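Only one structure is covered here, and it is reproduced in the block below.
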Amino acid sequence: MTMTATSTNAQPETHAETPDRPAMRWGYARVSLSDGRQDEEPQARALELAGVSRVFRDRVHSDVPPADRDGWTQLLQVAKPGDEIVVWKVDRVSRGGIRETFDVADDLHRRGITLVLLTEGIRVDGTPLGEIVLAVLAWAANQERSAIRLRTREALAQRRAAGVRLGRPPALTIDQRDHVRKLATEPGATLAGIARVMGCSPQTVRRVIEANRR
C-alpha cells in the first residue's frame, strides 16, 4: 500500500464519487472503558467543527481491535469510495501497535477511503511518505501507552510499599460483619434476608460467613 501524508489545512484532493451521492466526511470517536473519566464529547465536538456529517462512537477497552467495535463497524458500512474518515488522533483508531494501525490503513485504502488525523494534521491517502509518517505516529502512540502502563505499575508498587490498601473498600465494616455472623446463627436466617437487613448483596453476606468458617 502507498499513502500520502498531507496537511489537513490544504485543499483535499478531488475524490471519485459514488453514483448515488457525493463524497462524505465521517467522524470517529473512541474512549476507553479502562478509564471511566474519559468522555468522547470533546473529540466529537472537534470532529463536528472539522465538518463531518456524523460522528460514530465507541466506548470500549483499548485492546479491542477496530473490527470488533460496533461504532467502527457501522462506520465502514456507510463509508463509500471517495469518502474521508476523520479521527482526533491516530490512537483513536488503533492502540494495537504499528501492525494493527497499518492493517486499518490498508483496509481503508482498499475501500478507497481517506483517513484524516485531525490533531496530527495529516491526510493518509497515497505515497510512500504516508507510510513513514503513519509508522512514526503509530510508534509514538504505542510508546505513550507503554509509558502510561509503566507509570501506573510504579505508582501501585509505591502505594503497596507504603501499606496503602488497593482495590474497592470493604462493603461492610468490622462491626457490621460481626452482626452478619450473629444473624446467620438465627433459625431460618437466609442470605437474602440478612442482605436486606444489612443493605448489601447476598454475595457479600456469603463471603463474610464463609470467611468466618476458614
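Laboratory data are not the source of any read-out in this text; all were calculated from the coordinates shown. Since this is a predicted model, take the numbers as computed values, not measurements. Don't worry about glycine lacking a Cβ; one is built from the backbone with ideal geometry, like all the others, and counts go over all protein chains shown.
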Q. Can you give the extra length, in nm with one decimal, that the chain gains between Glu48 and Leu191 once fully stretched, where that is 0.36 nm per residue apart less the Cα-Cα distance?
A. 46.3 nm
Q) With contacts defined as alpha carbon pairs under 8 Å and 6 or more residues apart, what's the relative contact order of the stretch 174-213 in percent? A) 39 percent
Q: Could you compute the FRET efficiency for Arg151 and Asp63, with r as their C-beta to C-beta distance and R0 at 22 Å, rounded to 0.05?
A: 0.75
Q | Per-residue Cβ neighbour rank within 10 angstrom, fewest leading, Lys182, Lys89, Lys80 | A | Lys182, Lys89, Lys80
**Q.** Sorted by Cβ neighbour density within 10 Å, fewest at the top, the residues His61, His109, His179
**A.** His61, His179, His109
Q.
Just want the ordering: Asp58, Asp178, from fewest to most Cβ atoms lying within 10 Å of their own Cβ.
A. Asp178, Asp58
**Q.** FRET efficiency for Val78 and Glu41, using Cβ-Cβ distance with R0 set to 22 Å, rounded to 0.05
**A.** 0.50
Q. In nanometres, what is the gap between the two model label sites at Arg111 and Arg159, each 7 Å from Cα along Cα-to-Cβ?
A. 3.9 nm
